[in-house]
Amino acid sequence: MATTVIPFGPQHPVLPEPVHLTLKVEDEIVKEAIPALGYVHRGLEKLADIRDYHQMIQVCERVCGICSMIHAVCYSQAIEELMGVEVPKRAQVLRVIWSELHRTHSHLLWLGLFADAFGFESLFMQFWKIRERIMDINEATTGSRVIVSVNVIGGVRADLSPEQIRWILSEVDIVEKEVRALQDTIMNDYTVKARTVGVGVLSKENAYLLGAAGPTLRGSGVAQDMRMLGYGGYSEIDFEPVVETSGDCWARSTVRFRETLQSMDLVRQAIAKLPEGELAAKVKGNPPEGEVYTRVEQPRGECVYYIKGNGTKHLDRLRIRTPTFANIPPLLAMLPGCELADVPVIVLSIDPCISCTER
Amino acid sequence: MFGSFIKKSRAKSPWIIHFDCGSCNGCDIEVLACLTPLYDVERFGVVNVGNPKHADVLLVTGTVNHRNKKVLKNIYDQMPEPKAVIAIGACGNTGGVFREAYNVVGGVDQVIPVDVYVPGCPAKPEAIIDGVVVGLGKFAQKVEEAD
Amino acid sequence: MLFTPTVIKNLLKKPATRLYPFTVREPFPNYRGELYIDIDGCIFCGTCSRKCPSQCIEVDKNEGTWTCNPHACVYCGICRDSCPTKCLHMKDVHRKPMTERIMMVEKGEPPKPKKKAAAAEAPKAADKKAEPAKADDKKAEPATADKAKKK
Amino acid sequence: MIGKVIDVTVDNVVGEVMKMKNDGHRLVTFSTYQEGEDGLGILYHFDKELETTHLRMTVKRDAPIPSVSGVYFAALLVENEIRDQWDVKFDGLVLDFNRSLYLDPEVTQVPLVSNVKIEPKK
């Protein structure tokens, strides 16, 4: 049988970002997929040479706009661990609140894009309409819709007033109600199930061996979530990872849907436990010589920062491993054997964030 | 007569194509947010298309690097004349916070001519709508001059 | 079929669209929008240009000019927070799109009593060691070149 | 740094990684850093039930490094990335992009070697 080679991307209507896949196809069945990256590679790890360690927060936030807050949290935690800075409790819990708001908006965004990938345009519109309330909360409390820039080394630089907290709680309640109204559609609707159930199956063993992260891993039945480590303010909060076992696109979308609801619950918990106190600890001097390795949970999975300090204000080495980078090998394992029409659905089901991957 | 009708219609209902050229997704999702119910640019007749051959206006977000500058040039060349280019966000304007990194060429105007610069990091949907409105003015002007 | 109730609800409700260019929503009070300087309050200490993560501000103490490249600014508000005289402000609306690249150049009175300015500068300069000063010099060059190109 | 650090050498790295795989560890990623003038330090990060283990290896940049992509398929992207950024060679890489995973031929400098400082753009 003849093999056809179909290029997928870099400019593709379903992909918001440029990534290229070379698909070898026989009779509409994909036999092999070879990725080509590098369309978004900027080389920002090297920027640590000319930006000092305070300015690198703003650079790290721009690794990825959607999980910017959590990148900044991970970087700040790494530097704080290296310098031995104690972060005030209030700042830690505030970081949790904004992180979970980011997770909510990221998952809502993804659920919309995923619906768009299988052609359910009006569901996409619904999710993005709901998401705007979360964006409003971000804008009102931090000053920017997407890249919030509230982290500093040692704490945060914005605070929540009691009125804002009441307003956030009421908005979160509305969002939750509206999201729950769509639960049946995304999980049980016949047309949605026809496109997602049994598509792009990743077994538990494969997911573990190929190093998948985040909802891709949890959709395959491995209960692994870095929030279980209890870093930062998460030590104060009850947390259970969301796990699905079927390992297909449906499981991954269900994990993200349930995590959206869970994130809003975590926002409420964090607000209930918000202590009084300082917003940021004083930071003096430069990061000493030494290395740190920090892990946090991003909307897309586990994010790893490795930092090596050398006693000056410029870092010796900054290495970022983002969740999508870990999810590309599982994607390559999922694609062979699927139909060509399912490729966009499967590619989107790992929630690809190419700007994260290539930095 | 028919020609002038088409000319008028083109400026009234421009089709846009969005190309992410190495942005951090911040501006990207704001461009997408413009197309969703809350900002709904389709009420101005703006339609987002996937094919550069159908498009009048190119929205570019993000920095240009050595690999995607060829893609950007290719997409720009495929668009029919006249065309307008809108660079969105600090990265699209100058390269923003990344302009000194080793794999960054700079802003979009290093590769293709840019008509409108939308500052912001990321640019708000309101700013993008403003930018599209300014871009449409330029586009209408170009359509007038086209013959 | 499970989507039908949502469809019906949406048909009966008012449109969710914000009619942006015609009705402008009340901006949120602490939105980090357009950056501007109250040049009379500026003491040309250069803290903003050193703290800026995007390195887009340039302060010339002798000439008394404050130059910012609004196209490279990332609107983080670090300069506003670190300004010792609080003369940098951010409006709560976004900066309007432009058809060509411009630089914001503000001309003010350079500080007359040199001693006082030097005293304000000294503690900052002590913090920075030899290396960062070099880095600053290096970046000053291209910025001026950029400006010249614009003109 | 949290987690146990085990030192390995070029000769036994593949064996040690194999041992980690048989113990049921998940490969998280590698990190690299400059070690002296022409050396390269590589840290292999592993994870098992939220416990972290690292293998540390120091190599010279001119000699080829044994690839572990035969043991963990997921190592292939990281190894190609290291190849891009440090211009080192890997022996037995499953899919070799030959320094073109991220970089185009226009970029001639080796990005992450510290004595190649990036210059602010004109």
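Read-outs throughout are calculated quantities, based only on the coordinates presented, and are distinct from any laboratory measurement. Note that the coordinates shown come from a computational prediction; the quantities given were computed from them, not determined experimentally. Every residue, glycine as well, gets a Cβ built from its backbone with ideal geometry; the counts of neighbours run over all protein chains shown.
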#### Entry: Cβ charges +1 (Lys, Arg) and -1 (Asp, Glu), total dipole of the range A:203-316, debye
260
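Across peptide A:58-69, what mean number of C-beta atoms from other chains lies inside 10 Å of a residue's C-beta?
Numbers: counts 8, 6, 0, 7, 15, 2, 3, 12, 5, 1, 4, 0.
Per residue, the average neighbour count from other chains is 5.
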### Query
Of A:Thr254, C:Phe22, A:Tyr39, which is farthest on the positive side of the dipole of the protein assembly as shown, counting Cα position, with +1 on Lys and Arg Cβ, -1 on Asp and Glu Cβ, and the Cα centre as origin?
C:Phe22
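Using a 10 Å cut-off on Cβ to Cβ distances, tally the other chain neighbours for every residue of A:289-295 and report the average as a whole number.
Values: counts 0, 1, 7, 2, 10, 2, 6.
Across the residues of A:289-295, the mean count of other-chain Cβ atoms within 10 Å is 4.
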#### Entry: FRET efficiency for D:Thr9 and A:His54, using Cβ-Cβ distance with R0 set to 45 Å, rounded to 0.05
0.70
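Please find the FRET efficiency linking A:Glu339 to C:Lys96, where r is the Cβ-Cβ separation and R0 is fixed at 60 Å, and quote it to the nearest 0.05.
On the way: r = 48 Å, r/R0 = 0.80.
About 0.80, to the nearest 0.05.
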## Note on the structure
Rounded to the nearest 10 degrees, the helix B:68-78 long axis (Cα) sits at an angle to the longest Cα principal axis of chain B of 10
### Message
At a 10 Å Cβ-Cβ cut-off, how would you order A:Asp184, D:Asp38, fewest neighbours first?
### Response
D:Asp38, A:Asp184
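Give me a single rounded figure for A:45-55: the average over its residues of other chain Cβ atoms within 10 Å of their Cβ.
Values: counts 5, 11, 9, 0, 8, 11, 7, 6, 0, 4, 9.
Averaged over the peptide's residues, the number is 6.
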### Summary
The exposure ranking of A:Arg95, A:Arg317, C:Arg95, fewest beta-carbon neighbours within 10 Å first, is A:Arg317, C:Arg95, A:Arg95
#### Entry: Amide proton proximity set for B:Asn48, modelled H, under 5 Å, gap of 5+
B:Ile16
### Fraction of beta bridges assigned by DSSP in the protein assembly as shown that are antiparallel (%, nearest 5)
75
### Message
What distance in nm lies between label points placed 7 Å from Cα along the C-beta direction at C:Asn30 and B:Val133?
### Response
2.9
### Task
Describe numerically, in nm with one decimal, the distance between label points set 7 Å from Cα along Cα→Cβ at C:Glu63 and at A:Glu163.
4.4
### Query
Quick one: if you stick a label point 7 Å off each Cα along the C-beta vector at A:Lys204 and A:Thr3, how many nm between them?
3.4
### Task
Could you pull out the pairs from A:Lys273/C:Lys9; A:Lys177/A:Lys282; B:Lys53/C:Lys96; A:Lys31/A:Lys204; B:Lys142/C:Lys91; A:Lys24/D:Lys19 whose alpha carbons sit more than 32 Å apart here?
A:Lys273/C:Lys9; A:Lys177/A:Lys282; B:Lys142/C:Lys91; A:Lys24/D:Lys19
### Message
Using only the alpha-carbon atoms, how far is helix D:75-86 inclined from the longest principal axis of chain D? Give it as 0 to 90 degrees, nearest 10.
### Response
30
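So for C:Tyr75, A:Tyr234, C:Tyr20, fewest C-beta neighbours within 10 Å to most, what's the order? Walk me through the numbers on the way to the answer.
Numbers: C:Tyr75 27, A:Tyr234 24, C:Tyr20 20.
Result, fewest neighbours first: C:Tyr20, A:Tyr234, C:Tyr75.
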### Query
Helix A:162-181 sits at what angle to the longest principal axis of chain A, using alpha carbons and giving 0 to 90 degrees rounded to 10?
10
### Query
Given only helices, namely DSSP H runs of n ≥ 4 each adding -39500 (n - 2.57), what is the per-residue ellipticity at 222 nm of chain D, to the nearest 500 deg cm²/dmol?
-5500 deg cm²/dmol
### Task
Once you have a ≥ b ≥ c as the square roots of the Cα gyration tensor eigenvalues for the protein assembly as shown, tell me rounded if a/c is under 1.5, and otherwise prolate or oblate according to whether a/b is larger than b/c.
rounded
## Note on the structure
Length-normalised contact order of chain A, Cα under 8 Å, at least 6 apart, in percent, tallies to 26
## Note on the structure
Calc'd 3J(HN,Hα), the range D:4-9, phi into Karplus 6.51 cos²θ - 1.76 cosθ + 1.60 (θ = phi - 60°), Hz, glycine/Pro = x, comes to 7, 10, 10, 8, 10, 10
## Note on the structure
Per the charge dipole of the range D:4-91 (beta-carbon charges, Lys/Arg positive, Asp/Glu negative, Cα centre), the residue among D:Pro64, D:Leu40, D:Ala75 reaching farthest to the positive end is D:Ala75
### Message
Please list, in order along the range A:92-97, the HN-Hα scalar couplings obtained from phi with the Karplus expression 6.51 cos²θ - 1.76 cosθ + 1.60 (θ = phi - 60°), rounded to whole Hz, x for Gly and Pro.
### Response
4, 6, 4, 4, 4, 4
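Would you mind putting A:346-358, A:38-50 in packing order, based on average other-beta-carbon counts within 10 Å, highest first?
Working: A:346-358: 26.1, A:38-50: 24.4.
Top to bottom by mean Cβ count within 10 Å: A:346-358, A:38-50.
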## Note on the structure
Extension length gain for A:Ser122 and A:Glu276 (0.36 nm per residue less Cα distance), in nm, is 51.1 nm
